[in-house]
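Trainee: If you scroll down you'll find the structure; I have some questions about it.
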Amino acid sequence: MKCRVCRGPAVIDVRRHNANFCVEHFIQQCERQVTKAIDAFGMIAPGERVLVAVSGGKDSLALWDLLVRLGYHAEGLYLGLGIGEYSDESGDYARNFAVTRGLVLHEVDLRRDFGYDIPRASAVTGRVPCSACGLSKRHLFDEMARQGEFDVVATGHNLDDEAAVLFGNVLRWQTEYLARQMPVLPAGNGFPRKVKPLVRLSEREMAAYCIVQGIDYQVEECPMATGNSHLGYKEALNAVEDQSPGTKHDFYFGFLERAAAGFRQGLTQDASALGSCRDCGAPTPGDRCAFCRLVERTGGHHRTQDPNGASPGSETAVVLGRRERS
Ligand code: Q46
Ligand code: ZN
Ligand code: ZN
């Protein structure tokens, strides 16, 4: 197996590109795919401040690493979800990555800062854990982006994730979701832009990227994901991809190029201006945002005072390493 670029010994085959790469040219290939996604969808402009949603898994750490390599100002935010050992370990991977590279990692811990965790939120709401988890993540990433003056929040969703979500949405013709399934959600109404720079790279490539770059990551998946229908969709798509490499890419990018605009036309736009949550100040159509209502239902509390003496309501952040402002 020879590298397509230099003919040296290859370490990975990427069947959908019908190509093999050595370490150096595989890293370049990953950088090129991220650059291509960023440029094609206008994800990040030069000089913008990027907040990376860091879970401690391969995708988010590879994304952070790639953005920094490409010269972006990228800081991380890790959320402690309180999901047993999984959370303890994933936090260690995120911190270790930041410390060894001298990057800034912000940290919010649901139990410490708000007095609840995801298992408790799931129990009191009677809904699947991912529902309270998604709500908490969206709220806290948006809040950190506002308070830290980040222009954009970047998440590590890769091609397999996006194709699986698309597959699920198509199977049930979830037209509202199809209208919103984009690699970029523009900023608006007090919310930051959301981008997915890994959409041109697969899960396998991200695992390989971490290995060749010496990035230690949490290999275990979240235990709460068991039974999640997306895992089944991924398996189904993998079976098709195996037979016919490139199908996942064509499915997802074909949708973006040829079908997504049609779904967006049917989207009902709510142009009404949002007010501010009376407890946390987040933009919300009601009096209090969904996150503050969730915290109350769990018997939790508002953010605890920053031990470093920052003003109430400001980010309780553990900042590691060196802070560089560009
Ligand atoms: S962390 Fe949270 Fe995921 Fe775990 S509870 Fe569900 S949403 S599965 S990416
Ligand atoms: Zn090579
Ligand atoms: Zn609120």
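Trainee: What's the FRET efficiency of residue 176 with residue 212 using the Cβ-Cβ distance as r and R₀ = 41 Å, to the nearest 0.05? Don't skip to the end; give the middle numbers.
Mentor: Working: r = 40 Å, r/R0 = 0.97.
Once the sixth-power term is evaluated, E becomes 0.55.
Trainee: Take every DSSP beta bridge whose two residues both sit in the chain, then give the antiparallel share in percent to the nearest 5.
Mentor: Values: 9 of 26 bridges.
Given both bridge residues lie in the chain, the antiparallel proportion sits at roughly 35 percent.
Trainee: Oh, and also: Ignoring ligands, DNA and RNA, what percent of the accessible area of region 142-276 is carbon or sulfur (1.4 Å)? Don't skip to the end; give the middle numbers.
Mentor: Working: 3640 of 6980 Å².
Exposed carbon and sulfur together represent 52 percent of the surface.
Trainee: Additional query: What does the accessible area per residue of the chain come to in Å², with a 1.4 Å probe and no ligands, DNA or RNA counted? If you can, show how the numbers build up before the last one.
Mentor: On the way: 15760 Å² over 326 residues.
Accessible area per residue: 48 Å².
Trainee: Given points 7 Å out from each Cα along the Cα-Cβ axis, report the residue 239 to residue 259 separation in nanometres with one decimal.
Mentor: Those two pseudo-labels are separated by 2.0 nm.
Trainee: Could you rank 235, 176, 143, 203 by how accessible they are, 1.4 Å probe, largest area first?
Mentor: Details: 235 135, 176 80, 143 15, 203 50 Å².
Result of the area sort, largest leading: 235, 176, 203, 143.
Trainee: Compute the angle between helix 203-213 and the longest alpha-carbon principal axis of the chain, please, reported from 0 to 90 degrees and rounded to the nearest 10.
Mentor: For 203-213 against the chain, the angle is about 90 degrees.
Trainee: If you don't mind, another one. Would you mind calculating the gained length between residue 24 and residue 6 on full extension (0.36 nm times residue separation, minus the Cα-Cα distance), in nm to one decimal? Show your work: numbers first, answer last.
Mentor: Working: separation 18, 0.36 × 18 = 6.48 nm, distance 0.96 nm.
Fully extending the segment from residue 24 to residue 6 adds 5.5 nm.
Trainee: Straight-line reach from residue 36: which lysines have a Cα under 19 Å away, not including same-chain ones fewer than 8 places off?
Mentor: Cross-link targets: 194, 196, 248.
Trainee: Let me ask you something else. Excluding residue 3 itself, what net charge comes from residues whose Cβ is under 14 Å from its Cβ, given Lys and Arg +1 and Asp and Glu -1? List each step's numbers first, then the result.
Mentor: Numbers: positive: 2, 4, 7; negative: 13, 24.
Taking every other residue near residue 3 into account, the sum is +1.
Trainee: Could you tell me what percent of the accessible area of region 22-85 is made up of carbon and sulfur, with a 1.4 Å probe and every protein chain present?
Mentor: Numbers: 1070 of 2060 Å².
Result for region 22-85: 52 percent of the exposed heavy-atom area is carbon or sulfur.
Trainee: Pairs of Cα atoms under 8 Å, at least six residues apart: use those to get the relative contact order of the chain, whole percent.
Mentor: Working: 527 pairs, mean separation 73.9, N = 326.
Worked out over the chain, it gives 23 percent.
Trainee: List the aspartates and glutamates whose Cα lies under 14 Å from the Cα of residue 58, skipping any in the same chain that are fewer than 8 positions away.
Mentor: 89, 92, 160, 161, 203, 205, 216, 220, 221
Trainee: Classify region 1-139: rounded, prolate or oblate, from the alpha-carbon gyration tensor (a ≥ b ≥ c, eigenvalue square roots; a/c under 1.5 rounded; otherwise prolate if a/b is larger than b/c)? All intermediate terms of the calculation are to be shown ahead of the outcome.
Mentor: Working: a/c = 2.27, a/b = 1.97, b/c = 1.15.
Taking the square roots of the gyration eigenvalues as a ≥ b ≥ c, region 1-139 is prolate.
The values are calculated or read from the model by the stated rules, or taken from the named source; none is laboratory data. Everything quoted here is computed from the prediction, not taken from an experiment. Virtual Cβ from ideal backbone geometry, glycine too; neighbours counted across all protein chains shown. Surface areas here come from the heavy atoms of the whole protein model, side chains and all, with no ligands, DNA or RNA. Shrake-Rupley method; radii C 1.70, N 1.55, O 1.52, S 1.80 Å.
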